[in-house]
1. Could you say whether any residue in segment B:189-200 is farther than 24 Å from residue B:116 by Cβ, crowded, with 24+ Cβ neighbours inside 10 Å and touching a residue at least 24 places away in the same chain (Cβ under 8 Å)?
2. How many residues are open to solvent by less than 10 Å² (accessible area, probe 1.4 Å), in a loop (DSSP other than H, G, I, E, B) and at the interface with chain B (Cβ under 8 Å from one of its Cβ atoms) when one looks only at segment A:151-181?
3. I need the full set of residues from segment B:182-224 which are charged (D, E, K, R) and in a loop (DSSP other than H, G, I, E, B), in order please.
4. Taking the criterion of being buried (at least 24 other Cβ atoms within 10 Å of the Cβ), in a strand (DSSP E or B) and within 14 Å of chain A (Cβ to nearest Cβ), would at least one residue in segment B:83-102 satisfy it?
5. Which residues, counting only those in segment A:259-283, are acidic (Asp, Glu) and either modelled with pLDDT under 95 or surrounded by fewer than 22 Cβ atoms within 10 Å (Cβ to Cβ) (or both)?
6. Taking the condition out of contact with any Leu (no Cβ under 7 Å at 6 or more places or on another chain) and surrounded by 18 or more Cβ atoms within 10 Å (Cβ to Cβ), does residue B:328 pass?
7. Where residues in segment B:19-29 are open to solvent by less than 20 Å² (accessible area, probe 1.4 Å) and in a helix (DSSP H, G or I), which of them is farthest from residue B:326 (Cα to Cα)?
8. How many residues are open to solvent by 10 Å² or more (accessible area, probe 1.4 Å), under 17 Å from residue A:134 (Cα atoms) and either of a type outside the set (Ser, Thr, Tyr) or part of a strand (DSSP E or B) (or both) when one looks only at segment A:103-121?
Number of protein chains: 2
Amino acid sequence: MDSLPLVAAPLLRRQIVAVFTQWGMALKAVEEAAEVMVDTDLRGVDSHGIGMLPHYQRFFASGELDPKAVPSIRQERPSTALVDAHHSIGHTAALLAMRLAMAKAKETGVGVVGVCGSNHYGAAGYYAQMAAYEGLIGLSLTNAFTPFLVPVFGRQPQLGTNPIAFSAPGERHPPVSLDMATTTVAYGKVSIARRAGKRLPDGWALTTEGTPEHDSAVAAETKLLAPLGGTRTLGGHKGYGLALMVEILCATLTGASAEDRITGHFFLVLDPGAFRDAGDFRAELDTLTDRMRATTPADASQKVLVPGDPEYAAFAERSVSGIPMTPALIEEVREVCRDSGAPFLLLP
Amino acid sequence: MDSLPLVAAPLLRRQIVAVFTQWGMALKAVEEAAEVMVDTDLRGVDSHGIGMLPHYQRFFASGELDPKAVPSIRQERPSTALVDAHHSIGHTAALLAMRLAMAKAKETGVGVVGVCGSNHYGAAGYYAQMAAYEGLIGLSLTNAFTPFLVPVFGRQPQLGTNPIAFSAPGERHPPVSLDMATTTVAYGKVSIARRAGKRLPDGWALTTEGTPEHDSAVAAETKLLAPLGGTRTLGGHKGYGLALMVEILCATLTGASAEDRITGHFFLVLDPGAFRDAGDFRAELDTLTDRMRATTPADASQKVLVPGDPEYAAFAERSVSGIPMTPALIEEVREVCRDSGAPFLLLP
């Protein structure tokens, strides 16, 4: 990574803002989506930050993403709501929904907000963490309409990589923050293996016959991913079951239809204070974090981590050094700029 | 399984009732726990029905399970509550909490109820399914204080097999019902492999050095289970992260302390009608179920299933033929009866 060009976060942000503005996106959505995307790149989740810009460009070109759309609340009760994104970029709809869920949780102890008619919302973890930074517990789920996940016993992709993100606040420690695809690996890892010419292990990808695919070049082409667990013997039915749960909560519950290439999200926020003293909750979460970190390691050089640790480390480093970008991605961004008439700012 | 003695559900129920009654358990708790346990055996989840009776006997003997305890609501708001089980058997506390969560969901769209001070509550899926049978979406989580799960990069067990159960109602089809341990396999599967003298695959169990354990006899003794995913390469950090999420919601949020051998539960219920037309939700879930079942199978003799299918099949068969019980389990139940002075009813 050391040899890759490093782009400072503010410059990355200006580049994203330039493109979205050129598309005619409303100022609020521009700023919100850019904020989430840059934060995601700072946390080291390279697949979901500016790396998504070429995809968003395609959704914009096809009309699936309406830059002028303003998400609105379709129905609401004290602890629940449904937001209609009206085909806006997902980030701005997700922020509206998550803020609403947080407000409801502060008021009533719990807030549940679904979103229909949306688009890709970036990294699921961003929204869950918003809750934790205000002392709340957050859950953020999204379906994804590109079928990658092959159900156990099948040989045809049926679900997206449908992620689960969860975040809970400590007092001394940063939030425990899980953000995981329900496939063994996200598609980005297969691409990385392909570029490195690496063989895939059992449990990552499948052939069109439903057997393990080891050739990363073929897997990158066929895009058939195994659910978390991989095979039936190793619990692949659990990863598939979790992906289906996410699909039900994000699409079936909200009315977003994955088959029609429409994305839905699901946000749940809990106020620990509705169940016990909120300070006791945070202190006890710190104790749990400490206990996990103190687990006897298998190899003394690699301590046991808590979900979120790798992202906090990346954030600390990249905030100072900048965000590494591959030449291929820089070229893709240059192309997006050319296609949309936005200035290309990343390189001098 | 064909050669095993088959016990009819009503007889199994009478046996459980006889033991609990002998312990001096309140009638309501006796009937509720027996109902959940027999239903679990009918569904083929052998590890969590009468198979737990010898464990419950130990909790009763040690005083961890108080047969006279009556669970009560400790704090409550329109959409949330905390139930204190006062060390009752888990089933009766879980039923109180789940019914409360369902009533809140019907009233406000969502109900979230935590339980502290509890014991083992049987199969997580039972409670999630209660919601689905009333047209609601149910989530049921429990921590378990026996440490089995070894965090990724560790070689020491830190968490229970902390299950996740989710259930959602269709119209034509039975509920989609997921019930999964967050370890690759529950401990029961290691026991079964040991009795069969089978070698364990990578990803099930670990040695005390943190490497894969293949000897099922050793694994049954050391009780070190890998999180779902197994190794870091195959996503073991995701299974560990999910187990930690369950721990936070069931123990940290409720104040149940796993380190003090106290169990907590977490129930979430959603009314689909708070988000869209409830009938549309159920119809669309049927469509999703149909789509999953129609996945091109890898092997024509094994169709793609939907979570819950194996349990519905077991229920249909066992309701007619009876519940198979191993001679070892029958002897254990005989011993429980002898220890507690209850009549042994299973064999003529």
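1. Checked against the condition, which is being farther than 24 Å from residue B:116 by Cβ, crowded, with 24+ Cβ neighbours inside 10 Å and touching a residue at least 24 places away in the same chain (Cβ under 8 Å), segment B:189-200 yields at least one hit.
2. Count: 1.
3. B:198, B:202, B:209, B:223
4. yes
5. Hits for segment A:259-283 are A:259, A:260, A:277, A:280.
6. Against the criterion (out of contact with any Leu (no Cβ under 7 Å at 6 or more places or on another chain) and surrounded by 18 or more Cβ atoms within 10 Å (Cβ to Cβ)), residue B:328 does not qualify.
7. Of everything passing the filter in segment B:19-29, B:29 is farthest from residue B:326 (Cα to Cα).
8. 4
The values are calculated or read from the model by the stated rules, or taken from the named source; none is laboratory data. Values in this document were obtained by computation on a predicted structure and should not be read as measured data. Here the Cβ is made from the backbone with ideal geometry for all residues, glycine too, and neighbour counts use every protein chain on show. Just the protein is used for accessible areas: all its heavy atoms, side chains included, with ligands, DNA and RNA removed. Shrake-Rupley method; radii C 1.70, N 1.55, O 1.52, S 1.80 Å.
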